[in-house]
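Remarks on the structure that follows.
The values are calculated or read from the model by the stated rules, or taken from the named source; none is laboratory data. Predicted model only: the values in this text are computed from it and were never measured. Neighbour counts are summed over all protein chains in view; Cβ atoms, including those assigned to glycine, are modelled from backbone coordinates with ideal geometry. Keep in mind that these areas ignore ligands, DNA and RNA; they rest on the heavy atoms of the full protein, side chains included. Shrake-Rupley method; radii C 1.70, N 1.55, O 1.52, S 1.80 Å.
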Amino acid sequence: MILCSKMLVLAVCLVSVGMPVSASCLGSGDTEIEALAKNIGRQPHQALQAIELALDPDLSLTVERRAWLEAARAQAKRMLGLEKPELPQAIKDAQSLPADHPALLQLQIARLYGADLTESTRQEMDSVKHQIAKLPDNQPSTLCLAVRLASVMADHVELNGEAFQLATRAYRNADTELLAWQRAEAASVLGQIVVRTDSSYGRMLSEEALHYFESQEMHDMAANELYMMAISWLGERDMKSMQNSVQQFLRSIEAGRLAKNSFAVAYAEAGLCDVFQQLGQVQDALTNCVSSLQQFKDVRHITVYSTVVNHAATLLADNRPGDAMEQLSTLLRDWPDWDVGYWGYRFHDTRGRINETLGNTKEAMNDFKTALRELVSHEINRRARSNRLFQSRFRVEQLEQDLELKTQQTEERERRNRILFIAGLIVLALLCVIVVILVRHRRLYRSMAFTDPLTGLANRRYTVARAQEAFEHARARKQHLCIALIDLDRFKSCNDQYGHDAGDEALQQFARVAESVLRPGDLLGRWGGEEFLLVLQGIDQDSAARVLERLRSAAAEVRLTLAPDYPLQFSAGVVELRGENTSVEELVMLADKALYRAKAEGRNRYCFAEALTSVEPF
């Protein structure tokens, strides 16, 4: 039940607080435009001014360059919460570019931010996704487009599966130092998706993104990651987590001020308004509610609406029901036709409690009934809906008893207890089913993030982590450890002669053979291309040589269906952990040098790193 309640609170937090899912990379290939894009993540106001100077109508710009600059302007304005009236004309002007041109696609994605999930919006998303699929996977422009579209889809719970796939693919493909920016933004979007079901894993991804943004002094992007980490802590609900949430919101405010982005500061202050209100720290809540609303002046966003409701609830807690009612009246005046979802329930529930305090019993009852209808209508979350549905019915029944049936209080209390017991059993059963589903999804997400999709082996990221664990374990206990870097021989000729499908078959068959001959504790991961990293714990060089010989013999017996004349052979560089070795990176570098020597001396052999002496062909 503890796990279930944490998931419930986290889901409500994510629905009830506007999340600024952000991404600033473009991947244009133009040094000046990329510098502007990075500055968007640092100080969006300053970047916007520079972008608008570069878009001076008197300047002679190509259609492509103008499209890239318009895409940068749209992103800067989004980070600042500004309207983008020039966007439709920018898209129209860029229509002469090819349909799959990244600049045109960036503009089309910019138009999708904040759009309702209608049939036409979904069709436009599918169209952009189809165009992205045509582009090379590991190009900066493709990765930025995938991350940007994933961030749009992440705003819609129904599309979280597709958003996760897009962001995961970008995260995996951004596996070089040159693509660190794209990887950080993919981690950011992944974190904001995963946090809905696994707050700790979501924070881990946000921390990875935060590390890069802080190293690049991208203060606005850092403010966004700190904001999301605060939201994830807020969902944990216990006192320590709530305090952690406060600290992360404060750090987000500091980063937002460094970015000179009052919009980012207002978001974090709105979060503090919410958490302090839940903690019962009335004065702190009031300070942040007021400051946030001052910065959000003239902004129409669900976060503004939610902060006004939280402000009113805090004023009520401060024994100021009149001021609280005045706050809520501004929503009726300024937000007459907005569909505010969950916050429609919170509005009427809060106003009902205010009316109840003021002695307006009939008005309070009407508000609680309206709150009940709002909660049923919008169906925020199955678990939250069940709990709040019962609470709303309880209040309505209680007020009706006070007005009509005061003499039957004892009988009504017994009836409510029976309803509580039955509702509790139903809610418990539903929550347990949901927990099972969430656990399965978590396992699936983690498997997708750590597995190479072609071979089924560990991917490079996971292999590095496991190799680091083995290194630290062996050093601490003074045990043997060998690392081998394996490269399939003449793999390029196989691809050239038989095609890439044959090359894929060779990689898959080698992975299957290795799994059949290696020990359960050995780790083989795909390092990149036709290279594999083998980690052998608890054995010395002689034993490592015997392992490689078994692997060589098994591989030699394989005949590929698509390349029957291609011998499945490999060269390997082997290194054994010595006292002077200080890191896994050093061992891999030594193994790589040994592999290079093995290749130079004729292939189909292995070479030990210390003396770089090769062993003749297997």
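Per-structure values
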quantity: Sorted peptide list for 415-422, 456-463, 222-229, criterion being average Cβ within 10 angstrom, highest first; calculated: 222-229, 456-463, 415-422
quantity: Approximate shape of the range 23-153 as ellipsoid semi-axes (Cα gyration tensor, √5λ), whole Å, largest first; calculated: 21, 16, 15
quantity: Along each principal axis, Cα extent of the range 136-262, largest first, Å; calculated: 47, 32, 24
quantity: Per-pair calculated FRET efficiency, R0 = 30 Å: S583 and H500 via Cβ, rounded to 0.05; calculated: 0.30
quantity: Dipole of the range 235-340 [Lys/Arg +1, Asp/Glu -1 at C-beta], most positive-end residue of L258, V275, T307; calculated: L258
quantity: Assigned charges on the beta-carbon of Lys, Arg, Asp, Glu; the range 468-608 dipole about Cα centre (debye); calculated: 360 debye
quantity: Span from the the range 40-115 Cα centroid across to the the range 548-564 one, whole angstrom; calculated: 54 Å
quantity: Contact order normalised by residue count of the chain, Cα under 8 Å, 6+ apart, percent; calculated: 9 percent
quantity: Taking the convex hull of Cα positions in the chain, its mean projected area over all directions (nm²); calculated: 34.0 nm²
quantity: Whole-angstrom gap from the range 256-306 to the range 116-139, using each part's C-alpha centre; calculated: 34 Å
quantity: Cα-centred dipole magnitude for the chain, charges only on beta-carbon of K, R (+1) and D, E (-1), debye, nearest 20; calculated: 1460 debye
quantity: Degrees between helix 262-279 axis and first principal axis of the chain (Cα, 0 to 90, nearest 10); calculated: 70 degrees
quantity: Degrees separating the helix 63-80 axis from the principal Cα axis of the chain, which is the longest one; calculated: 50 degrees
quantity: The range 449-469 versus the range 487-540: alpha-carbon centroid distance in Å; calculated: 13 Å
quantity: Nearest-10 value in Å² for the accessible area of W527, using the 1.4 Å probe; calculated: 30 Å²
quantity: The range 88-174: C-alpha gyration tensor shape, a/c 1.5 cut-off, then a/b vs b/c; calculated: oblate
quantity: Highest to lowest packing among 64-73, 558-567, scored as the average C-beta count within 10 Å; calculated: 64-73, 558-567
quantity: Accessible surface, per residue, of the chain when the full set of protein chains is kept, probe 1.4 Å, Å²; calculated: 46 Å²
quantity: Ordering of 263-276, 40-53 by burial proxy (mean other Cβ atoms within 10 Å per residue, highest first); calculated: 263-276, 40-53
quantity: Extension gain from S493 to R415, taking 0.36 nm per residue of separation minus the Cα-Cα distance; calculated: 20.1 nm
quantity: DSSP beta bridge pairing in the range 509-618, given as percent antiparallel to the nearest 5; calculated: 70 percent
quantity: Cross-link reach list, lysines versus K492, counting only Cα pairs under 20 Å and skipping chain neighbours closer than eight places; calculated: K599
quantity: Between 0 and 90°, nearest 10: helix 140-153 axis offset from the chain longest Cα axis; calculated: 30 degrees
quantity: For the chain, calculated [θ]222 nm from helices alone, where every DSSP H run of n ≥ 4 adds -39500 (n - 2.57); calculated: -23000 deg cm²/dmol
quantity: Solvent-accessible surface ranking, highest first, for D116, D522, D334 at 1.4 angstrom; calculated: D116, D334, D522
